[in-house]
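To start, the structure under review is shown below, and the notes come after it.
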Amino acid sequence: MADRTLIRVAAAAGALSLVLAGCGSSGSSGGSASTDTASSGAPSSSAAAKTAACTPDQATKGAKPATGPLRVGTLLPETGSLAFLGPPEIAGVQLAVNEINAAGGVLSQPVQLDPGDSGDTTTDTANQTVDRLIAGGSQVIVGAASSSVSLKVIDKIANAGVVEFSPANTSDQFTCYKDKGQYFRTAPADVLQAQALAQVMGQDGIQRLSILALNDPYGTGLAANLAKDLESAGLAADQIQTTIYDPNAQSFNAEVDKVAQFNPDGIAVIGFDESKRIITRMNEVGIGPDKKMVYGSDGNMGNALGEGLPAGLLAGMKGTTPLTATSDGFKAKLKALNPALVDFNYSGESYDAVIISALAADVAKSTAGTDIASAINGVTKDGTKCTTYADCLKLISAGTDIDYDGVTGTLDFTAAGEPGKGSYGVLTFGADNKLGDPTFVIAG
């Protein structure tokens, strides 16, 4: 590839600001049969432009505060196609609750935690869990991890006046969703992950790309944004093949064979657990990671992808996932809660979602869901910096406006209730089918 010209990635709607620094993502969704498309009209590649395209709903504080204990429910994947993300997210929530309670709780009362499973879109688990959490009085629900699962329950949660706070939803659909100002996320939108992934591909000199993406809001949205960014960087539309597949299909042979016929030098697989079968088929027809540059994203860039696969099958595959350079101390605290933890994906985002919600309740002097929602964006920006619940609570008690910077870094939520920038780990599988240490990309 030495003779190829490096693609210089620039966002269509403005500057693509990506900084690399060395240092050391839904459930299955039924859908139509796979389709091949040339890259075409995709969402804007600017997070600011996406937010500016709408007027996000804002919650309004009620006239009478609620002063009972804060109840936090979880809607996280204990089962289903994203179950590998559950353990670090659950540990992050538990750690945050422990630290809040050690600092005196919210409104001088311990936070109560009510765990729940989200399952994936092949079951009705999420609806059943949400019904139970709302009936039990949860004012904040942390989850879901899957964008598709969140879309199944977001209206029910918002209509109940409860905060839904996802640590892992990345679909662009949530930025302008009519959520009554009750939905938030600590994970950056895929409009930003597309920038990060495009940058990685540009550095690798990719000039002809196939995208295999599952048919759900996460898969189709990330695929469209990725194609858009690469086209804006100068890659011709006819050099990008996009194939949307049904993740519940019995076989992916037809889709993989079409990619082989296109003969790209790079292949992006945007999916979940079914990615194992897709990459196995790619290897069978000679377009696996040992022959082509294969890329993944947060839905499959975990060590769980390599479980049960032949040694070396994933060697060289790389990809991006929302990830921050969390400290060894933070990871040690998580492992103390769950010694079996291997991955830490979205653990920081889950922790920050709980801390932010608690601080918003302190600012609002109320544990009502709408009151908490009305204060969430404000505690992440424009005030005096603080980085722990205990320190932030002291500032709030003194009447000081706070700006919480969490374990995931600077948050600075936009009006849509999401980070304006995203930190991504660039991860690569080794010969043991396990991920090595990440480098980091900042997009936004």
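The values are calculated or read from the model by the stated rules, or taken from the named source; none is laboratory data. Keep in mind the model is a prediction, meaning the values are calculated, not measured. Note: ideal-geometry Cβ built from the backbone for every residue, glycine included; neighbour counts use all protein chains shown.
Remarks
- Number of residues in segment 68-105 that are at pLDDT 95 or above and outside any helix (DSSP H, G or I) equals 15.
- Looking only at residues of segment 161-178 that are buried (at least 21 other Cβ atoms within 10 Å of the Cβ) and farther than 25 Å from Ala213 by Cα, we find that the one that is farthest from the chain's Cα centre (by Cα) is Val162.
- Some residue of segment 190-205 being in a loop (DSSP other than H, G, I, E, B) and under 27 Å from Ala353 (Cβ atoms): no
- Top-ranked residue in segment 267-291 [being part of a loop (DSSP other than H, G, I, E, B) and either in contact with a Pro (Cβ under 7 Å, 6 or more places away or on another chain) or small (Gly, Ala, Ser) (or both); ranked as modelled with the lowest pLDDT]: Phe272
- With respect to the conditions (1) in contact with a strand residue (DSSP E or B) (Cβ under 7 Å, 6 or more places away or on another chain); (2) among the hydroxyl-bearing types (Ser, Thr, Tyr); (3) surrounded by fewer than 22 Cβ atoms within 10 Å (Cβ to Cβ), Ser118 lacks only one, and its number is (3).
- Looking only at segment 147-162, residues that are closer than 17 Å to Pro115 by Cβ and either in a strand (DSSP E or B) or in contact with a Phe, Trp or Tyr (Cβ under 8 Å, 6 or more places away or on another chain) (or both) come to 1 in all.
- Residue check for Ser210: crowded, with 24+ Cβ neighbours inside 10 Å and under 25 Å from Thr170 (Cα atoms): yes
- Per-region count, segment 386-408, residues surrounded by fewer than 19 Cβ atoms within 10 Å (Cβ to Cβ) and either within 22 Å of Ser347 (Cβ to Cβ) or modelled with pLDDT under 95 (or both): 5
- Flag for Gly312 being crowded, with 16+ Cβ neighbours inside 10 Å and over 30 Å from Asp432 (Cα atoms): no
- Residue match in segment 116-128 (condition: part of a helix (DSSP H, G or I) and under 15 Å from the mean Cα position of the chain (by Cα)): no
- Taken across segment 346-360, residues that are closer than 30 Å to Leu309 by Cα, modelled with pLDDT under 95 and aromatic (Phe, Trp, Tyr) do occur, with at least one present.
- None of Phe429, Phe344 is of a type in the set (Phe, Trp, Tyr), in the same structural domain as Ala168 (by TED's automatic domain parsing) and buried (at least 20 other Cβ atoms within 10 Å of the Cβ) except Phe344.
- Any hit, segment 215-227, residues being assigned by TED's automatic domain parsing to the domain that holds Val93, surrounded by fewer than 24 Cβ atoms within 10 Å (Cβ to Cβ) and at pLDDT below 95: no
- The set of residues in segment 170-193 being modelled with pLDDT of 95 or more, over 18 Å from Gly409 (Cβ atoms) and in contact with a Leu (Cβ under 9 Å, 6 or more places away or on another chain) consists of Phe174, Tyr177.
- Selection within segment 292-307 - part of a loop (DSSP other than H, G, I, E, B) and either touching a strand residue (DSSP E or B) at 6+ places or on another chain (Cβ under 9 Å) or more than 23 Å from Pro438 (Cα to Cα) (or both): Lys292, Ser297, Asp298, Gly299, Asn300, Met301, Gly302
- Strands (runs of 3 or more DSSP E) completely within segment 350-444 that count 2 or more residues being of a type in the set (A, V, I, L, M): 422-428, 439-443
- Conditions (1) out of contact with any Ser or Thr (no Cβ under 8 Å at 6 or more places or on another chain); (2) at pLDDT 95 or above; (3) polar (S, T, N, Q): number failed by Ser327: (2)
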